[in-house]
2 protein chains.
Amino acid sequence: MDVSPLAQRFVSHFGEMGSRWGINRTVGQIYALLFVSPRPLNADEITAALSVSRSNVSMGLKELESWRLVRLEHQPGDRREYYRAPEDVWAIFRTLAEERRKREVDPTLTMLRDALLEAPASADEAHAQRRMREMHDLIELVTGWFNDVQRLDADTLKKLMRMGTRVQKVLEFGDKVRALGGGARAVKE
Amino acid sequence: MDVSPLAQRFVSHFGEMGSRWGINRTVGQIYALLFVSPRPLNADEITAALSVSRSNVSMGLKELESWRLVRLEHQPGDRREYYRAPEDVWAIFRTLAEERRKREVDPTLTMLRDALLEAPASADEAHAQRRMREMHDLIELVTGWFNDVQRLDADTLKKLMRMGTRVQKVLEFGDKVRALGGGARAVKE
DNA sequence: GTAGACTTTCAGAAGTTTCTGAACTTTCAG
DNA sequence: CTGAAAGTTCAGAAACTTCTGAAAGTCTAC
């Protein structure tokens, strides 16, 4: 299994960044490899391309499956399992955001909500609760925005991409949608 | 140094979540403790509250300073250094988002831009480059939105908070601002 | 039903990160 | 100046994570 120099750099970078993103080196590399690969790969091809152990690849693929970042396929007349990264980068982003929210944000929101239900036992606890409420409300606001952005469909997204990135322009876009008689919705439910 | 049971749970939770967020247990706990504390704390108080070594606290505070998540203060007639977490949760969120972008996103954008400048040496490289461009464009779009959201000032934010969280409502908000003769800007530069 | 191709599991080795205690530096009151 | 209080650094211990090779498990074509 040979990997082109360009793909190799991409794969190495994902390996190195992995630890900063909370995934391990091998998992990052497997994902990067599948992402740029023009066809699905089986575990042995990945093993050869990355020079890591077969078992390590098996565990890495399991982890990527749990994140729903790879899809399993079968080729006719071959019973090995082939993996590919979904094509649609926007869908990938949504999956990633959703999984991270589940793992990194939701437990904290639950903890904060529980803590806010209790009657404060002292002035210090009352102060702590006020701070926790501020944090809680901000997290809810930001995750709410994220939820909404996630719901944008691919078409709307493409328009936004053509348009540039400024929020100001997103606001103008809201006008346009409404002017075209589309109601008040730029968000697809 | 005694910590109320409520604050204790908050502190423990931040310690446990720390690893998922890419900070270590002690750093998470120190930050949580300062966040709910009604007054700034010195390193010895933190050491006592968390039952960790003095040197660990010193290193943790250094790390929080590098993230710009704590502020150093002095009390008159006391030469110890007192730390506090900034009050404004929105400012905290911005700091955090900016630092994470610098560490977790910018290096990848740079790598992608470099890779996209090269002439593809094969059909597979051309495919890899197309994939990288999709990733690059999406990251630029999303970080661009983030940048803009970050620029919202505290007042605008409060209004948005009162208003709820739907993007749809943010779009309507764009109208309102303009109807009030404020030009096309809901974003403070 | 079984041989062999493919995949998973797992104990421990290797590698990495975190934490501590002791030594060191800095600061400032007297 | 001096010395005690405050803060930092760092080498190695402890804890944790990742990775491997060997063994076990599963599936399917014959």
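Since every read-out is calculated from the coordinates, none of them should be taken as a lab result. In this text the structure is predicted, and so the values were computed from the model without any measurement. Ideal geometry is used to build each Cβ from the backbone, glycine not excepted, and the neighbour counts take in all protein chains shown.
Summarising the overall dimensions of region A:1-49 from its C-alpha atoms, the Rg and Dmax are 10.2, 28 angstrom. Applying 1/(1 + (r/R0)^6) with r as the Cβ-Cβ distance of A:Arg103 and B:Asp78 and R0 = 35 angstrom yields a FRET efficiency of 0.25. Sorted from shortest to longest, the distances between the A:Trp67 label points of this copy and the other copies are 2.0 nm, with each point 7 Å from Cα along the line through the beta carbon. The stretch between A:Asn42 and A:Arg151 holds 36.0 nm of extra length on full extension. This uses 0.36 nm per residue minus the Cα-Cα distance.
Of A:Val70, A:Ile46, A:Leu116, which is farthest towards the positive pole of region A:1-124's charge dipole, taken about the Cα centre with +1 and -1 on the beta-carbons of Lys, Arg and Asp, Glu respectively? Going by the Cα projections, it comes out as A:Ile46.
Can you classify region B:80-165 as rounded, prolate or oblate using the Cα gyration tensor, where a ≥ b ≥ c are the square roots of its eigenvalues, rounded means a/c under 1.5, and otherwise it's prolate if a/b beats b/c and oblate if not?
Oblate is the answer for region B:80-165, as a/c is 1.5 or above yet b/c matches or exceeds a/b.
Among residues other than B:Tyr83 with Cβ under 9 Å from its Cβ, the summed charge is -1 (Lys and Arg +1, Asp and Glu -1).
Each copy carries a label point for A:Arg103 at 7 Å from Cα along the beta-carbon vector; from one copy to the others these points are 1.7 nm apart, nearest first. Take the alpha-carbon centre of region A:41-73, take the same for region B:102-141, and report the distance between them in whole Å. A separation of 22 Å, based on Cα centres.
Among residues other than A:Arg25 with Cβ under 13 Å from its Cβ, the summed charge is -1 (Lys and Arg +1, Asp and Glu -1).
Assign one of three labels to region B:56-96, namely rounded, prolate or oblate, based on the Cα gyration tensor with a ≥ b ≥ c the square roots of its eigenvalues; rounded applies when a/c is under 1.5, prolate when it is not and a/b is larger than b/c, and oblate otherwise. In terms of gyration-tensor shape, oblate. In a reduced charge model with +1 at each Lys and Arg Cβ and -1 at each Asp and Glu Cβ, region A:111-161 shows a dipole moment near 240 debye about its Cα centre.
Note on region A:1-135: Rg/Rh from C-alpha atoms, Kirkwood Rh, equals 1.19.
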